[in-house]
Amino acid sequence: MKDIVLALGGGGVKGIAHIGVIRALERAGFRIRAVAGTSAGGLCGALYAFGYSPDGIQNRYKLVEPSKMFVRQPDDKASWLGLKGVREILEDSLGDSFFEDLRLPFAVTAVDLNTAEHVVIRTGKVLDAVLATIAVPGVFPPVELNGRILVDGGVLNPVPVNVARALAPDLPVVAVVLSPPVDDWAGVTQPRMLNSLPFLMKYVSQFRFSQALNLFMRAIDIGGALLTELLLEIEKPDVIIRPAVRHIGLLDPVDVDQVALLGEKATELALPRLHHATHWSRRLLRKLWPYSPPKVRLPYSTDFKV
C-alpha cells in the first residue's frame, strides 16, 4: 500500500466529486492515512474518517431530499438559507461521535468572524465542526462554537494543504481542488450562484438585488480561485487533482453518480503523478529534506485551535 494524506477543498455540491477521488485512490492501491477538509471537503472527509466507504458516502448523498435540506430554524443567525436538513442527515450519519472516535486523523477549517482567524478544528463533536466548515457566509448561518462565531473555512483556506501536512508530516499530500486554475476562467461562462438556490430561482433571480448578488458572489468566487492558486504555490502539495466540475453551481441539483464519476476520472489521469509521489525514492527524499514552506506572513493563524 502507498500511504498518502488528503486535503479536500470546498465547492458546494461539487464536493461530491471527492467521493470518486477516494474510490479511485483506494482502487489504485493508495491508503489514506489522514484527511483535512474545508467546507464540502470537510463534510465528505468527516464521513470517510468516521468509517463510511466511498459507496456508503455516495448512498448517504442520495438520501438527500433537496427541498428539505436548507430549511431555516427559528434561532438561525442571518442567512439566506438554513441547515436543518443537513444537520438531521449528519446526526443520523455521525451521531455524537468525537474526533477521538474517528478511525483516521481528521481536521476541518473555519474562520472566526470576530477575530478574522483561521481556525482548525480537530477536537470536540464532529457534527459541530462540520456544520461550521460548511457555513458559507450569507448563504448558511454561522455557527457558534466555544465562544467563536465561525463560517466556512474556504474564506481563508480553500484547500487545507498546510493542515493535511500537519496531520501527517511524513506523507505526500494530495490536494483535491474543485476550482479551475485562474488562467482558465477568462471567457468561460460560470454558474450563476443565486440561480443554484432551487426554490428561490423562480421568484427572485430576475430582481435587481438578485442580479447584484450574483455579481458579488461571482467576484468572491474569482477571489477564492486566486487565493487557492496562491496557497497551492506556497504550500506545494505533492499532487493536485482537479475534477472537471467548473460547470456546477454551489447548490445545483446534480446526479450524484455522475459528479462522483468526475472525481474518479480526474484521479485516474493523475495516477502517474501519484505513483511518482509515493515512490520509495521520494519517500527517502522527504525524510532527508522535509518540505518547509517559505516564511510568508499569511493572513491567518495555522495553529490547531477550537
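The values are calculated or read from the model by the stated rules, or taken from the named source; none is laboratory data. Owing to the predicted nature of the structure, the values given are computational and were not obtained by experimental measurement. The area values use the complete protein model at the heavy-atom level, side chains included, leaving out ligands, DNA and RNA. Shrake-Rupley method; radii C 1.70, N 1.55, O 1.52, S 1.80 Å.
The table for this structure:
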| quantity | calculated |
| --- | --- |
| Cut-off under 5 Å, modelled amide H: who pairs with D3 long-range | R31 |
| Three-way shape call for the range 1-51 based on the alpha-carbon gyration tensor, with the a/c threshold at 1.5 | prolate |
| L102 accessible area, 1.4 Å probe, all protein chains in place, Å² to nearest 10 | 20 Å² |
| The range 221-265-the range 44-59 distance, computed between alpha-carbon centres (Å) | 19 Å |
| Global form of the range 223-266, assessed from the alpha-carbon gyration tensor, a/c cut-off 1.5 | oblate |
| Accessible area per residue in Å² at 1.4 Å probe, computed on the range 29-173 | 38 Å² |
